[in-house]
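Readers should treat all values here as calculations from the given coordinates under stated rules, not as data from a laboratory. Computed from a predicted structure; not experimentally measured. Positions of Cβ are generated from backbone atoms using ideal geometry, with glycine treated the same way; all protein chains shown enter the neighbour counts.
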Amino acid sequence: MPERVIVVEDDQELRQLLDELLRAAGYEVSPVPTAEAALEVLAADRPADLVITDLVMPGMRGEELLARLKRERPELNVIVITAFGSIDSAIELVKAGAYDYVTKPFSSDELLLAVQRALSDSKLRRELANLSRAAAQVGIPGFIGASAAVNELFRTAARAAHSRHPVLLTGESGTGKELIARGIHRMSGRASFVAINCGALPEQLLESELFGHEKGAFTGAERAKPGLLETAHGGTAFLDEIAELPLSLQPKLLRALEYGEIRRVGSTEARALDIRIIAATNRDLEEEIKTGRFREDLFWRLNVLHIHIPPLRERPSDIPLLAEHFLASASQEHSGAPKRISPEAMALLTAYPWPGNVRELRNAIQRAAVLAAGEELTPDDLPPRIKKAVGLSGLVAGASQRRLSLRDLEREYILEVLRQVDGNKTRAAEILGLDRKTLYRKLEEYGYS
C-alpha cells in the first residue's frame, strides 16, 4: 500500500504542485488548505504517514499544528515549508519536534529526498502506533507485536473471550500473561477483574484470602469477610502462578469450577458464584502432576482453553517494535533520553536471546535511556551482558560457518571468555566451569601467556 502524505498549504497553486509531484513519486496525497482541515482528516481515522505543512497560514499556524501532532500523533514526522526569511522560525520548529524543513523555492529532488528520509525515520514508530491501535481494538492494549505468532495469539484470545470456559495461560516469566488475561476479560464484557497471585501469600492465609471466612472462624477473625473469588462475582478471577496453589486448597478450587460455588472458612453454607477463571503459570503443569505437586483433575478442569504465550526469542521480529515503544516511553519520562536506536544497537537487541523476555527488554531500554549521552542509543549504552552474550553466540555461529573442529571452537571460546574478563584467569575458570590448573594447561597449549 502506498504511503499517504498530508499536504497543508493555503496557496492553491503550490498545493496542486505538491500534490502532483508526490503522486508522480508513488505516494497517496491528501492536500488540504488549512491546519484545521488536516486535523479533520486525521480525526476521521484515515491512514497518514507524513505531514508536510506551510509555516504561515490563515487560522491555525504551522507551529500550533506541529504541537498538536506531537501530542496526538507523535509517530508522524512533520516537514515544514518556509520562505527564506522564516528560516530561523523553521529551525526553532525542528528543535520543537519537526523532522526537517525545506525553503521556498525548492527543487523536486530536494523535497522528495526530505520525504523519503522522513518516512524511513518514522517507519518503526508508525508501525508501532498502528499495532497499538489494532491491539486496543482487539482488546489487548499494551501487548506489542506484529509477528505471525502474536497475530495468532490475538485471534485465539479473541475467540476465548466469548466463552465461559476456564483459560490456562502458559509461558515463561515476563512474556505478558497478565496483559493477555486482562485483554480476554476486557473483550468478554464481564464485570470486575480480580488478580490473585497464588504464590504471594503463605498457605495459612491463602485459603481465607481466596474463599473468605466467617466471624470467629479462627483467632483474629473478628468479622466475616468475603474472599477474592467472591469479590470477582460476575467478573473474572485471574489466578497467577497457579502452580504455587497448595495441594490442600486445590480441591476447593476444583469444586468452585465444577459446581460454581464456594464455602467460606468456618461455614457450612455453599455460596453460588458466577466467575470466569483465567489461570497462568510459567511451569510445566503436566510435570508438576507427575511429581505429585498438582492435581490432575484440576489441571484438566483449567486446561479447557490453553493459550501459550511465546518467549521473545521465538518472535525476534517484534524486538525492534518493543524497543522503540519502550524508548518512546522513556523519552516521555526523561527529557534528555535518546530519540532513536542506532542500527548497531538494534542488531544487538535483536540477536540477544532475552531469557527475561519483554520485562528484561524494557529494563535494558530504560537503563540505556538514562545512561545514554546523545540523541541516539548506541551499543555502548546497552548492559554489558547483552554485548557479551551476543558476542559469544556469534562466535558459535561463525565457527559453524567456518566448519571448525570442536577442539578449535573450544580454543576460541576459552580465549573469548578470557578477553571478556580482561584476562582474569580465576574469573574465567569460574565461568567455564574448569579448575584453574586445567585452564592454565589449556592456555599453555594455545601458546597464551
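Side notes on the structure shown:
- From its DSSP helices (H runs of at least four residues, each -39,500 (n - 2.57)), the chain gives a residue-normalised ellipticity at 222 nm of -15500 deg cm²/dmol.
- Anchor K290: aspartates and glutamates whose Cα lies under 17 Å away (excluding residues fewer than 8 positions away in-chain): E244
- Relative contact order [Cα under 8 Å, 6+ residues apart], the chain, whole percent: 11
- Entry for Cα extents along the principal axes in Å (calculated from the structure that is shown) out of [x] 84, 71, 38; [y] 66, 50, 43; [z] 71, 57, 45: [x]
- Set K215/K252; K123/K387; K123/K339; K104/K339 screened for pairs whose C-alpha atoms are more than 22 Å apart: K123/K387; K104/K339
- Computed over region 314-383, relative contact order equals 40 percent, with contacts defined as Cα pairs under 8 Å that lie 6+ residues apart.
- Net lengthening on full extension, T231/R313 (0.36 nm per residue, minus Cα-Cα): 25.8 nm
- Cβ-defined net charge surrounding K70, 13 Å radius [Lys, Arg +1; Asp, Glu -1]: +2
- Using a Förster distance of 30 Å, the FRET efficiency for A25-S329 (Cβ separation, nearest 0.05): 0.30
- Cβ crowding within 10 Å averaged over residues, with 307-314, 12-19 ranked highest first: 307-314, 12-19
- Extension gain from L247 to A270, taking 0.36 nm per residue of separation minus the Cα-Cα distance: 6.2 nm
- Positive-end extreme of charge dipole, region 1-98 - chosen from L69, V8, V56 (charges on Cβ): L69
- The dipole here belongs to region 314-383: it is taken about the Cα centre, uses +1 on the Cβ of Lys and Arg and -1 on the Cβ of Asp and Glu, and is about 180 debye.
- In this structure, the amide hydrogen of Y101, modeled 1.01 Å from its nitrogen in the peptide plane, lies closer than 5 angstrom to those of V80, counting only residues at least 5 positions away or on a different chain.
- Interchain or long-range residues, amide H under 5 Å from H306's placed H: L168
- Rounded, prolate or oblate (a/c below 1.5 giving rounded, otherwise prolate when a/b exceeds b/c) for region 314-383 by Cα gyration tensor: prolate
- Between A221 and E445, the distance separating the two model label sites (each 7 Å from Cα on the Cα→Cβ line) works out to 6.8 nm.
- Other residues lying with their Cβ under 13 Å from the Cβ of G97 contribute a combined charge of -1, Lys and Arg counting +1, Asp and Glu -1.
- R0 of 25 Å, Cβ-Cβ distance A43-T103: FRET efficiency to nearest 0.05: 0.25
- Relative packing of 21-27, 228-234, which averages over residues the other C-beta atoms within 10 Å, highest first: 228-234, 21-27
- One decimal place: the segment V370-E72 gains 104.8 nm when fully extended, by the rule 0.36 nm per residue minus the C-alpha distance.
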